[in-house]
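J.: Dumping the structure here so I can ask a few things about it.
The values are calculated or read from the model by the stated rules, or taken from the named source; none is laboratory data. Computed from a predicted structure; not experimentally measured. A quick note on method: Cβ atoms are made from the backbone with ideal geometry, for glycine too, and the neighbour counts reach across all protein chains shown. For accessibility, only protein heavy atoms count, side chains too; no ligands or nucleic acids. Shrake-Rupley method; radii C 1.70, N 1.55, O 1.52, S 1.80 Å.
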Amino acid sequence: MRKRLDTARAEGVAEAEARLRHGYEEQIRAESQRITRAIDEFERSRKEYFSKVELEVVQLALAIAGKILHREAQVDPLLVAAIVQIALGQLKEGSVASIRVRPEDGQRWRSHFASQDFKLDVSVVEDRTLQPADCILETELGTVNFSLNLQLKEIEQGFFDVLAQKPQA
């Protein structure tokens with residue numbers, strides 16, 4: 001009887017352990033699935049958040065750059081002249097170029113380019129239709145607008161083009 005009782009007890013303990021183990025395994029599986037879903041949801045939310053914020057960060061960076069450039073252009077009115085000078089340096093000797101600027105900037109631009117050693121025919125044309133800090137370079141090859149606002153818009157468009165091509169996850 002004692003043996004039977006010990007055997008029955010051992011079987012009962014083994015069965016209880018098996019049931020508990022099975023119950024724990026089910027709980028672990030259920031918790032694992034819950035954690036996996038939470039991680040997946042977090043990853044989706046994170047991607048969505050950064051996708052939304054990315055556009056705002058680009059706009060903020062461009063706004064900051066715009067303010068800095070406009071302030072620099074006020075401090076150094078010929079800031080754009082350096083960029084124009086690089087463009088003029090790419091033209092062949094003897095080329096003709098005209099630079100359109102606001103009337104109040106005309107003399108400054110003339111003085112600047114008179115002090116340069118260009119082998120080009122460069123004239124400064126005053127244009128009342130331009131905005132402050134606008135500058136348009138015209139050559140036989142074409143026209144380039146060096147306006148700070150236009151340059152920033154080009155950069156902005158480039159950023160947005162890159163963002164549009166970014167694979168959506």
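J.: For region 135-144, state whether one or more residues are at negative phi, buried (at least 17 other Cβ atoms within 10 Å of the Cβ) and acidic (Asp, Glu).
T.: Taking every residue of region 135-144 in turn, none turns out to be at negative phi, buried (at least 17 other Cβ atoms within 10 Å of the Cβ) and acidic (Asp, Glu).
J.: Please count how many residues of region 94-111 are closer than 21 Å to Leu150 by Cβ and either hydrophobic (A, V, I, L, M, F, W, C) or open to solvent by 40 Å² or more (accessible area, probe 1.4 Å) (or both).
T.: 8
J.: Where the second residue is in a loop (DSSP other than H, G, I, E, B) and among the aromatic types (Phe, Trp, Tyr) and the first is under 9 Å from Ala97 (Cα atoms) and lies in region 119-145, which pairs have Cβ atoms under 7 Å and are six or more apart or on separate chains?
T.: Correct list of pairs: Leu137/Phe146.
J.: Please go through region 40-93 and give me each residue that is among the aliphatic types (A, V, I, L, M), open to solvent by 70 Å² or more (accessible area, probe 1.4 Å), closer than 30 Å to Ser123 by Cβ and touching a residue at least 12 places away in the same chain (Cβ under 8 Å), ordered by number.
T.: Ile83
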